[in-house]
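**Q** Below you will find the structure I want to go over with you.
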Amino acid sequence: MSGQMPDVIVLGGEEYVLAEPESGTVFDARAHGVAPVMISSANTRGELARYRIDDDGRLLLSDFQVGSVDAPPAINGVEATTDEYGQVWTYLELDLPVEWSGDLLAGADPILDLYVHAGFPPVWHYERVMAFDIEAGVVQSSEDRTEQVAEFRAERLGDNGVDDENVFERFLDSIRLKFGFNDDAGPADSGESL
């Protein structure tokens, strides 16, 4: 598998990639009657989304591209247009509110020396990182996590090396904004503030 094309989110006029959660988990195309098929080896999931956050803090799907053999249905009243081959369809200016909840990490300025040849690159492969806590499609809080990511990268790539296979999961937990959920279906409050 090739390196995969990630979804993007526009923040302050700049494009960031969605690093966590993995691309394709925020907007559910199938819930809108769209069944994506592979577009290319760089987009095996068959979809690509561009998001933005409006002035009210709502997460919106701005544009969406999908691989489909047949014309997909309209989304939010917008019909898809296609290329000359009729297999890649594009929805522009959707401005569709996305009712998603969770932690979202967005990265900008990829470090080319860390390029991933397969799958999606992890968040620490980006120079700048923002963290968002989103509840029902509305941003509750956001913070710059660039410094923490740089510290992790220095530790990970430094002479000391990290043999602990769980270090990346602990690192993600430390830069997300929400507390994790335990098996009792309630927030697991660690008592620490970020």
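FYI, it's all coordinate maths here, none of it is from the lab. Because the structure is predicted, anything quoted here is derived from the model rather than measured. So basically every Cβ, Gly included, is an ideal-geometry build from the backbone, and we count neighbours across all protein chains shown.
**Q** Around Val149, with a cut-off of 13 angstrom between Cβ atoms, what is the net charge of the other residues, counting Lys and Arg +1 and Asp and Glu -1?
**A** Values: positive: Arg128, Arg145, Arg153, Arg156, Arg176; negative: Glu20, Asp109, Glu127, Glu143, Asp144, Glu147, Glu151, Glu155.
Surrounding charge for Val149 is -3.
**Q** Let me ask something else. Order the peptides 73-84, 129-140 from the highest to the lowest mean number of other Cβ atoms within 10 Å of their residues.
**A** Working: 73-84: 12.5, 129-140: 18.5.
The most tightly packed comes first, giving 129-140, 73-84.
**Q** Any chance you could run the full-extension gain for Glu15 through Tyr85? It's 0.36 nm times the residue separation minus the Cα-Cα distance, nm to one decimal. Provide the component values of the computation, followed by the final result.
**A** Working: separation 70, 0.36 × 70 = 25.20 nm, distance 2.79 nm.
That works out to 22.4 nm of additional length.
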